[in-house]
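The values are calculated or read from the model by the stated rules, or taken from the named source; none is laboratory data. Only a predicted model underlies this, so the values are computations on that prediction, with no experimental measurement involved. Cβ placement follows ideal geometry from the backbone for every residue including glycine, while neighbour counts extend to all protein chains displayed.
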Amino acid sequence: MSQIIDLNLLVPEDLQFKIGNDIYKIPTQPKYQKVLEFSVMQQKYAKTRNAQELEKALPEMVAFILNLDEEKSKMTAESVTQNLILPQMKIIMEKFTEELQKTANDPN
């Protein structure tokens, strides 16, 4: 008899962010392509010294994170700027990057 290995057990629970009446469910281990895209964004903004680009960086990255919830309508950097305050954006970034780091450092 063949053994079934349930890989779903390896996927942790989603991060959940409540914004207004909406709850965004963000996978803590997004698909590989999305992780690569996010890493490219982080590297791009880490290297820039242009004030305008840096000002746009956080809302763009937060929109990217929130858009990982495929059930919600798509966010733009502009809608993030209009609907969230800076501490909210920072928390979303911090929690998401913490989860990515946990995954990267997990030996399994």
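What the table shows:
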{"read-out": "Count of residues meeting criterion [within 18 Å of Asp22 (Cα to Cα) and of a type in the set (Asp, Glu)] in the range 45-77", "value": "3"}
{"read-out": "Among residues of the range 42-58, those that are exposed (fewer than 14 other Cβ atoms within 10 Å of the Cβ), under 18 Å from Glu78 (Cα atoms) and of a type in the set (A, V, I, L, M, F, W, C), counted", "value": "2"}
{"read-out": "Residue that is nearest to Leu15 (Cα to Cα), among those in the range 59-82 that are surrounded by 12 or more Cβ atoms within 10 Å (Cβ to Cβ) and of a type in the set (S, T, N, Q)", "value": "Asn67"}
{"read-out": "Selection count where residues are under 15 Å from Val62 (Cα atoms), exposed (fewer than 15 other Cβ atoms within 10 Å of the Cβ) and of a type in the set (A, V, I, L, M), scope the range 19-39", "value": "2"}
{"read-out": "Residues of the range 33-89 satisfying the condition of being assigned to a loop (DSSP other than H, G, I, E, B) and not aliphatic (A, V, I, L, M)", "value": "Thr48, Arg49, Asn50, Asn67, Asp69, Glu70, Glu71, Lys72, Ser73, Lys74, Thr76"}
{"read-out": "Contacts under 6 angstrom Cβ, first residue in the range 28-40 being polar (S, T, N, Q), partner surrounded by 13 or more Cβ atoms within 10 Å (Cβ to Cβ), 6 or more apart", "value": "Thr28/Pro12; Thr28/Leu15; Thr28/Glu99; Gln29/Thr103"}
{"read-out": "Scan of the range 1-23 for residues that are out of contact with any Lys or Arg (no Cβ under 9 Å at 6 or more places or on another chain), assigned to a strand (DSSP E or B) and touching a residue at least 12 places away in the same chain (Cβ under 8 Å), ordered by number", "value": "Ile19"}
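Conditions tested, residue by residue: (1) within 20 Å of Asn105 (Cα to Cα); (2) modelled with pLDDT under 90.
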{"residue": "Thr28", "(1), (2)": "yes, yes"}
{"residue": "Leu36", "(1), (2)": "yes, no"}
{"residue": "Met41", "(1), (2)": "no, no"}
{"residue": "Asn50", "(1), (2)": "no, yes"}
{"residue": "Leu68", "(1), (2)": "no, no"}
{"residue": "Ala77", "(1), (2)": "no, no"}
{"residue": "Asn83", "(1), (2)": "no, no"}
{"residue": "Gln88", "(1), (2)": "no, no"}
